[in-house]
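Every read-out reported here was derived from the displayed coordinates using simple, explicitly stated rules and does not represent laboratory data. What you see is a predicted model, and the numbers here were worked out from it, not measured in a lab. Quick reminder, even Gly has a Cβ in these numbers, built from the backbone with ideal geometry, and neighbours come from all protein chains shown.
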Amino acid sequence: MNTKRFAFRISYPCQRGDPFETRAPYGAGSAPRSLTTARHDVRGRIWGSCMARPQKTSEPLTEPFSFRLTKSEGAELRAKIAASNLPRAEFLRDCVLKNKTVVVAKPKASLEKSRMQFLFNKTSNNMNQIAHVLNSANLAGTVSNPLCEKTVASLEAIARYLKTALNHVD
């Protein structure tokens, strides 16, 4: 079944208001009209003539945000959205912007702790390189197994010490 039809229709330039409102005939103060072939839908509306959706807010929504959830969290959120009878974006905006919960920010690390974290990360990288070379040498047979185990135990002890020292700063 063909749902679109073509017809001759008197069209007025859309300057303001509803494009489907009845206007006074030409000569009674209305805009000039022209006889054109226009494409109409089943209800007789002209396709693409002044059909822009009105803005819901005074400021356009231009800032996208994205996040991931587990399957169970996603199912719970979808259930809440369905129960609210709101579009997903509107529901999330309401939850985030109009929610009365108190957000407790994680305290910012001090300069000393940040510097120690940087140095410990570099040290951990070097320890990982040592362990890799040691493992390769052990597999090649150039280093004995007891020496390899003793060195790995020493590296693990250094790593535990670094973690303990970092937790006691601040």
THR123, THR62 arranged by Cβ crowding within 10 Å, fewest neighbours leading: THR62, THR123
Per 0.36 nm of contour for each residue apart, how much would the distance between ALA131 and SER114 grow if the chain were fully extended, relative to their Cα-Cα spacing? 3.6 nm
Would you grab the residues whose amide H sits under 5 Å from the one on ALA109? Only those 5+ places off in sequence or on another chain, please, with H modelled 1.01 Å from N. none
From the backbone phi of the stretch 149-165, what are the Karplus-calculated ³J(HN,Hα) couplings (6.51 cos²θ - 1.76 cosθ + 1.60, θ = phi - 60°) in whole Hz, Gly and Pro given as x? 5, 5, 5, 5, 4, 5, 4, 5, 5, 5, 4, 5, 4, 4, 5, 5, 5
Can you give me the long-range amide H partners of VAL143? Hydrogens built in the peptide plane at 1.01 Å from N, cutoff under 5 Å, separation of 5 or more residues or another chain. ASN138
Could you compute the FRET efficiency for LEU77 and ASN167, with r as their C-beta to C-beta distance and R0 at 41 Å, rounded to 0.05? 0.75
